[in-house]
């Protein structure tokens, strides 16, 4: 089954404790992206990657890092989480040139206290 | 399920009626306009898109209309069913420095009354 998986699905952590949210896709897509979803603000792009070792900032990259060492994986790293990073996070993938049709993961609900 | 928004515009329709969800966009340079559906507890799912040089496109039970004069996009769902209950997002596909980027609207919550 073609899918995007994220782990963990739910995470409660404390300010300053480094964490990683993993994302993996099995569709051989070149394009991958991370979004955060907040009430009233819709989906905002954090980072995206057009291929292995190619990453770039989206609209809200501050406080986040990503890496793309393998085509299928695109982890999101919060080196020092803060309460304003409490949000619902989605990873998505698409074929290159077809990023208007993105396949989204199930989401990760992160709470930073 | 997950809460995807507490201050969303909402649309409530009777089962079997047609639904029309509207969206205003800002960037005339966008080459495609897209609709996504997000059910409770899930990630958004692509429904249909329309190229900027078209004004109408039909899918299965859905029709998207594009009015570039007033920068307005709409999604029409025929014979609305309980499974259509979701938050619907419009999005613009923008090309920025050679990279594709989706810019999402805030979403509209569609509720189906039995």
By counting other Cβ atoms within 10 Å of each Cβ, how are A:47, A:35 ranked from fewest to most? A:47, A:35
Mind checking which of B:83, B:98, B:41 has the largest fluctuation in a GNM of chain B, springs on alpha carbons under 10 Å? B:98
Let's test the formula: R0 of 25 Å, r as the Cβ-Cβ distance of residue A:27 and residue A:80. What FRET efficiency results, to the nearest 0.05? 0.15
Projected label distance in nm at residue A:20 and residue B:10, using a 7 Å step from Cα toward the beta-carbon: 4.2 nm
Give the distance, in whole Å, between the Cα centre of the stretch A:73-113 and the Cα centre of the stretch A:9-51. 1 Å
Got a sec? How would A:100, B:61 order by Cβ neighbour count within 10 Å, fewest to most? B:61, A:100
Nearest 0.05, what FRET efficiency do residue A:65 and residue A:10 give at R0 = 22 Å with Cβ-Cβ as r? 0.55
How high is the relative contact order of the stretch B:1-85, in percent, counting Cα pairs under 8 Å that sit 6 or more residues apart? 35 percent
Where the eigenvalues come from the Cα gyration tensor of chain A, what are the semi-axes √(5λ) of the equivalent ellipsoid, largest first, in whole Å? 22, 14, 13
Could you work out how far apart the two model spin labels at residue B:113 and residue B:51 are, taking each label as a point 7 Å from the Cα in the direction of the beta carbon, and quote it in nm? 4.1 nm
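Can you sort B:28, A:24, B:19 from fewest to most other Cβ atoms within 10 Å of each residue's own Cβ?
Working: B:28 9, A:24 18, B:19 21.
Going from sparsest to densest Cβ surroundings: B:28, A:24, B:19.
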Residue-span extension gain [residue B:17 to residue B:97] - 0.36 nm each, minus C-alpha spacing: 24.5 nm
Cα-only Rg/Rh for the protein assembly as shown with Kirkwood Rh rounds to 0.97
Measuring from the lowest to the highest alpha carbon on each principal axis, how far does the stretch B:5-114 reach, largest first, in angstroms? 47, 27, 22
Mean projected area in nm² (Cα convex hull; one quarter of hull surface) for the stretch B:28-78: 4.0 nm²
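Read-outs: derived from the displayed coordinates by stated rules, not from any lab. Here the structure is a predicted model, which means the values were calculated and not measured. For neighbour counting, all protein chains shown are included, and Cβ atoms are generated from backbone atoms with ideal geometry for every residue, glycine included.
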